[in-house]
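Here the structure is laid out as structure tokens; the discussion comes afterwards.
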Amino acid sequence: MTVHLQNSLWKLRTSSNALYKSVYRRCFSTQDVIEHRNRLFNNEQKRQKDNVGRIEKIEVRYLGLPSNETLIMNKNLSTPFNCAQHFSEAVCENAVLALINGKKLWDIHRPLEESCTLQLLHFKSQDPNLVNQAFWRTCSFLLGGVLQRILKENTGLHLHSFPYPSLKSGSFVHDISLNVDNWNPSAQDLKSMSIEMMKFATENHNIERLEVSHEIALEMFKDNPFKREQLPNISNQNKGVITLYRAGDHIDISKGPMISSTKYISKVKIPSVHKITKEDSNLYRVQGIALPSGFTLSAYAFDILGQRAKRLNTMYLPVESADPIHSDEAPSMQQRI
Amino acid sequence: MLRKICKVNLIQNNLINSQYVIFRHLSAKAELNEAAESQEKKKTKKPKKALTDMRFKYPEFLPQPDNRLRNPVLERIMRKDMLDRRTQINIPEFYVGSILKLTISDPHSQGKTNSFVGICIQRDRTGLYSKFALRNVIDHQGIEVMYDLYDPAILKIEVLKLEKRLDDKLIYLKDALPEYSTIDVNMEPEILAEGGNIPVNDTVVKMKPFPWMQKWERQGLKGVEDLDKHLNLWRKQQKVKHDSPWDKYDLMKEYRKTITEEEQSEIFSEIFNRINKINEQHKQKAKAARRTISKPQNIG
Amino acid sequence: MNQAEVTKLMSQLKIALKPRHRNLKTPLGPEGRLDKLRQTVTALIKYERIELFYNRADEARGYTERLVSDALRYGDTHKPMMEMADYWLLEKQLVHKLFKVLCPRFENENGSVTKMFNAPRVYPADPKRAYFKRVVLELKGNPYPTITPDSSYRNKNLIHNVLLDAAMKDFYAEKERQQQLLEQEQTLNSVEESKK
């Protein structure tokens, strides 16, 4: 067993946070990698902000409660969150995702580029499907960050990717690669993973979005063979632009959109890890379920969801093998991410 | 960063509503869009004025207002019967204060009729039970007769003088000087121009000295002279004691005594066409009768 | 049995109404009753949600409905209406609220303008008042959280509902598959038996 996780849950709960970190967090040498990525991210973010130059004004027509208003905002600087700040704290709290011109989804912390109408969506909107998907995508994204935090250096962890979110499949997933054969985490390990993810959520990071060039992305993910492989494909589709997301210090490639902050994730369960390749490489699929804050579900109902998420989620498997458990619906890389 | 809030195209209405909106509604109402905003809400239809104006002309078609005693089916059947009766006899428009001549068959001697001329002092009850009282003074003797409006024994109702008085009931004429309720039995009918307003007779009557049948001073009558000169101190005190100036503010008391506008319009729209047709028929019949009389006769 | 008094036209109220008024306990008689109701109506217009005993609430409800419906009918340029508002609203700034806030709010309202809900009895109860029903009386469109549960939670598209729905479908699909397998096995067995 190469993974060192908390064996007794009560210990984890009672131990102080600092102690917990010192004992159970691995000493990153990949910490350097993460720092490097963040440095690049920060530099690029600053550069883009400085590039805005002379501030131009745009007119944003806000639709919704408390009243429809027209706001004069700064082009390429003001975000939908800034618009919400004009109204009240409650509006800011409820803004999970923005809808631009009635059709385009926009991240809450992404600067607006032109005059538009703005609607703010949240989990209890009339039609929350779009927000749900963004939530599911964000959970997949954060799961990667959590795994990076808790898996030890010698496991050789590389994040592979996470597929297009599908609520109906019953779980959000993140595919990872380890140099461990037949990793089979115990129930305690899985529980610790869930708790770690909930902790990550309570850290209340705003989720930032950044569009970078292919070269910078390649420099960021130079140590990850899978990302290196995927990047040319993605940049080809997006005219050389790679969209990155960051929560805390975790950065990953995703098409987006994502919800505005990690604080909206309340209840998380990681019920299973499946190996999805045969002998040659060790690709694992980590599956989980989560609920946004403000949703109460009985333990029984949540358990039903957990039981379902234990089975392998066969949506968009990254391997196109003739493995019997892998259905033939595994799409090409283009559909992933 | 400098930002300004502009309020554009805000309807006054919206603005006022917005003061009372809070964010718990975000779940239900956040999906507002401009299309929904521009959509006008359905407005409730206001009843037509012509219909509700019929309430003065045909008060007996409205049911009595006490909900405990109402029976919608019976009311409907009654309205039908009333209209049927109206095809047989012309029941003209009249009000309390109008002078009527009524011809009725004598129940005690077959083939003979009685007629009575008097001022209408009261209209009461509804439907087929509706009644009215006529009063006259004949040979220094006050006479009041109460007739059922839809009594099949009634042969003819003529309006000699169509007018209103200041009060809804003229029962106080019992205690007024007899000159106010003395009417010439052979009075000729006064014809009013059609479509004009009904004139209001603002006669203020003088009362006889005590004893009175009712405590008229407590009833707030308009068509009666100042009654204080008839009252002794005790009765004046009692008047003040029993006065209820708050009654006019008692909205629900008022409401429980009325038939609402919506109900009125429903009832009158039901009878509107038929009653107009019946009136037209009676008018034509009267015209034809007049023509036969006025024909000059060629003698020799 | 008398004829209805129809000189003044009134709109139909959209609430269930008792055929007769209730007397309220007061030494001052009918006038005292109206005084009590004036206080309640004023409070209702002012606070938009009040909690009180059922009898008084039910009475005051009718008066509030009438007042708003008349205000809508006559507007603020009608002298008798202003007099009425002046009588019923003890705080005079509420007259402005009636015409400037409530009238626009209820202009297109097809139902009643007030709502009444049963409220729990206070425990431990005041022995004198233990058996009195308590209610909450409110104006529609008030700024407080709803009393009835938020129906938006029944939305099928909410995340937990989507997840549970998918789980249910999955469960029944699995059940059907098991059933089919069982049937196939049985037919195979029967074929084999017939061969023997």
In whole Å, largest first, the alpha carbons of the protein assembly as shown cover along the principal axes 136, 82, 70
Does a label point 7 Å from the Cα of residue B:146, set along Cα-to-beta-carbon, have any residues of the range B:108-136 with amide nitrogen under 16 Å, and which are they? B:120-136
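Find how much the distance from residue C:53 to residue C:132 grows on full extension, using 0.36 nm per residue of separation minus their present alpha carbon separation; answer in nm with one decimal.
Between residue C:53 and residue C:132, full extension yields 27.8 nm more.
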How far is the Cα center of the range A:134-181 from the Cα center of the range C:6-40, in Å? 68
Checked the range B:49-265 with the C-alpha gyration tensor, a ≥ b ≥ c its square-rooted eigenvalues, rounded below a/c of 1.5, otherwise prolate if a/b is larger than b/c and oblate if not; verdict oblate
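Test of the criteria: in the range B:207-273, which trypsin sites (Lys or Arg not before Pro) are in a DSSP loop and have at most 14 other Cβ atoms within 10 angstrom of their Cβ? List each step's numbers first, then the result.
Numbers: sites: B:215, B:218, B:222, B:229, B:235, B:236, B:239, B:241, B:248, B:253, B:256, B:257; in loops: B:215, B:222, B:257.
Passing both the DSSP loop test and the Cβ count: B:215, B:222.
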So what's the gap between the Cα centers of the range C:105-128 and the range B:90-116, to the nearest angstrom? 56
Ranked from fewest to most other Cβ atoms within 10 Å of their own Cβ, A:36, B:140 fall in the order B:140, A:36
Of the range A:205-248, those with amide N under 16 Å from the point 7 Å along the Cα→Cβ vector of residue A:32 are A:220-224
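Taking neighbour counts of Cβ atoms within 10 Å as a proxy for exposure, in what order, fewest first, do A:141, B:132, B:56 appear?
Numbers: A:141 27, B:132 24, B:56 13.
Fewest-to-most ranking of A:141, B:132, B:56: B:56, B:132, A:141.
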Alpha-carbon centroids, the range B:185-249 and the range C:151-196: separation in whole Å: 87
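Could you work out the relative contact order of chain C? I mean the mean sequence separation of Cα pairs under 8 Å and 6+ apart, divided by the number of residues, in percent.
For chain C, the relative contact order is 22 percent.
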Can you give the FRET efficiency for residue B:93 and residue B:285, using 1/(1 + (r/R0)^6), R0 = 22 Å, r = Cβ-Cβ distance, to the nearest 0.05? 0.85
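Please give me, ordered by residue number, the GluC sites (Glu not before Pro) of the range A:50-140 that lie in loop per DSSP and have at most 13 other Cβ atoms within 10 Å.
Values: sites: A:56, A:59, A:69, A:89, A:93, A:113, A:114; in loops: A:56, A:113, A:114.
Answer in residue order: A:56, A:113, A:114.
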So how do A:195, A:150 line up by other beta-carbon neighbours within 10 Å, fewest first? A:195, A:150
Counting other C-beta atoms within 10 Å, and keeping those with at most 15, which DSSP coil trypsin sites (Lys or Arg not before Pro) do you find in the range C:52-156? C:92, C:121, C:128, C:129, C:133, C:140, C:156
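For the protein assembly as shown, give the magnitude of the charge dipole about the Cα centre (Cβ charges: +1 Lys/Arg, -1 Asp/Glu; no others), in debye to the nearest 20. If you can, show how the numbers build up before the last one.
On the way: 130 positive and 102 negative charges, 393 e Å.
The dipole magnitude comes to about 1880 debye.
Could you work out the mean count of beta carbons from other protein chains within 10 Å of each residue's beta carbon in C:31-39? If you can, show how the numbers build up before the last one.
Numbers: counts 6, 1, 2, 8, 1, 0, 4, 2, 0.
That average works out to 3.
Could you work out the Kirkwood radius for the range A:57-122, taking every pair of different alpha carbons, averaging 1/r and inverting it, reported in Å? Provide the component values of the computation, followed by the final result.
Values: mean 1/r = 0.0887 Å⁻¹.
For the range A:57-122, inverting the mean 1/r across all distinct Cα pairs yields 11.3 Å.
Please report the relative contact order for the range B:49-265, taking Cα pairs under 8 Å with a sequence separation of at least 6, and give it as a percent rounded to a whole number.
Numbers: 319 pairs, mean separation 43.6, N = 217.
The normalised contact order for the range B:49-265 reaches 20 percent.
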Cβ neighbours within 10 Å from other chains - mean over A:245-253: 0
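Determine the shape class of the range C:154-195: with a ≥ b ≥ c the square roots of the Cα gyration tensor eigenvalues, call it rounded for a/c under 1.5, and otherwise prolate if a/b is greater than b/c, oblate otherwise. Walk me through the numbers before you get to the answer.
Numbers: a/c = 10.05, a/b = 7.42, b/c = 1.35.
Because a/c hits 1.5 or more and a/b exceeds b/c, the range C:154-195 counts as prolate.
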With unit charges on the beta carbon (Lys/Arg positive, Asp/Glu negative), name the residue among C:182, C:123, C:108 whose Cα is farthest towards the positive pole of the charge dipole of chain C. C:123
In peptide C:168-174, how many Cβ atoms from other protein chains are near each Cβ within 10 Å, on average? 2
Dipole axis of the protein assembly as shown (+1 Lys, Arg; -1 Asp, Glu on Cβ), positive-most option in A:254, A:151, B:278: B:278
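Computed FRET efficiency, Cβ-Cβ of residue C:176 and residue A:249, R0 35 Å: what is it to the nearest 0.05?
Numbers: r = 47 Å, r/R0 = 1.35.
Plugging the Cβ-Cβ distance into 1/(1 + (r/R0)^6) gives 0.15.
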Quick check on packing: order A:121-131, B:89-99 by the mean number of other C-beta atoms within 10 Å, highest mean leading. A:121-131, B:89-99
Per-residue HN-Hα couplings for the range B:176-185 [Karplus 6.51, -1.76, 1.60; θ = phi - 60°; Hz; x = Gly/Pro]: 8, 4, x, 4, 6, 10, 8, 10, 5, 5
Explain nothing, just the number: relative contact order of the range A:141-286, from Cα pairs under 8 Å at least 6 residues apart, as a whole percent. 30
Say R0 is 45 Å: what FRET efficiency, to the nearest 0.05, do residue C:31 and residue A:49 get from their beta-carbon distance? 0.05
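Each value in this text was obtained by applying a stated rule to the coordinates, not by laboratory testing. These figures come from a predicted structure and were not determined experimentally. Ideal geometry is used to build each Cβ from the backbone, glycine not excepted, and the neighbour counts take in all protein chains shown.
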